[in-house]
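Structure first, then comments.
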Amino acid sequence: MRSVRFLLSALLVFPSLQGLRAQKPAPPQHPTSTPYAGDLSIFEAPDRAKNLQIERVMDLLGLKPGKVVADIGAGGGWFTVRAAKRVAGGPDGGGKVIAEDINPAAVDAIRERAIKEDLLNIEPFLGTPDDPQLQPNTLDAALMLKVYHEIAHPQLVLASLHAAMKPHARFGIIDRNGKGDDHGLKESIVRAEVEHAGFKQVARYDFTKADGQDYFLIFEKR
């Protein structure tokens, strides 16, 4: 009788285990790079803003006073502080930047930087490798600057980001071509994955090459 009960219990548990396995994220179809966790000052080159044409990047993403933008994988906050100055104010004074990173040290560094530079519209936020944990329907724009090639489970991250963006919100990716594990990823792979997640590519630029970045892709939420 005991063996029968054990068998019945196993049969009841087995479907649950199958369900858990089914929920486990599938690995990407390409290698990924280890997320950077070193010295954040390497992102602060004095000529970077000029080489990347960051003001033009923000124009194309529609960053204006009052807008809410997410800096995904914000690192030391190089883009965050520039975006925060751009979106500050607005009709309701609601412009802000959500500076998300999975590295607690980076989040702490951004928090200290926001206080030092008196940018109270920066919200440092600790996400997870599979989920930036953003609030639904809150973003007017988002940017991943040299980050996408580090995402091990892009469909999970993109699904979370898609839910967080308002209709027609703009999502930019700046990166370089590569194999995935060399801190770059082929442009066609990025486009296919992002469009599969419910976005539509609306523009593509290469003026970021002066900063070593091969492409700047802009998507809109469908």
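Quick one: count up the residues across the stretch 187-212 that are out of contact with any strand residue (DSSP E or B) (no Cβ under 8 Å at 6 or more places or on another chain) and surrounded by fewer than 16 Cβ atoms within 10 Å (Cβ to Cβ).
So the count comes out to 6.
Having 1 or more residues that are open to solvent by less than 10 Å² (accessible area, probe 1.4 Å) is the bar; report the strands (runs of 3 or more DSSP E) wholly within the stretch 103-186 that clear it.
Ranges flagged: 139-145, 165-175.
Going through the stretch 8-50 one residue at a time, which ones are at pLDDT 85 or above, assigned to a loop (DSSP other than H, G, I, E, B) and open to solvent by 100 Å² or more (accessible area, probe 1.4 Å)?
Those that are at pLDDT 85 or above, assigned to a loop (DSSP other than H, G, I, E, B) and open to solvent by 100 Å² or more (accessible area, probe 1.4 Å): Thr34, Pro46.
Going through the stretch 89-102 one residue at a time, which ones are modelled with pLDDT of 95 or more and surrounded by fewer than 22 Cβ atoms within 10 Å (Cβ to Cβ)?
Ile102
Report, by residue number, each residue of the stretch 213-222 that is part of a loop (DSSP other than H, G, I, E, B) and open to solvent by 10 Å² or more (accessible area, probe 1.4 Å).
Asp214, Arg222, listed by residue number.
Name every residue in the stretch 163-193 that is farther than 20 Å from Met58 by Cβ and of a type in the set (Val, Ile, Thr), in order of residue number.
Answer for the stretch 163-193, where residues must be farther than 20 Å from Met58 by Cβ and of a type in the set (Val, Ile, Thr): Ile189, Val190.
The values are calculated or read from the model by the stated rules, or taken from the named source; none is laboratory data. Here the structure is a predicted model, which means the values were calculated and not measured. No Cβ is skipped: glycine too gets one built from the backbone with ideal geometry, and neighbour counts run over all protein chains shown. Accessible surface is based on the protein model in full, side chains and every heavy atom, while ligands, DNA and RNA are left aside. Shrake-Rupley method; radii C 1.70, N 1.55, O 1.52, S 1.80 Å.
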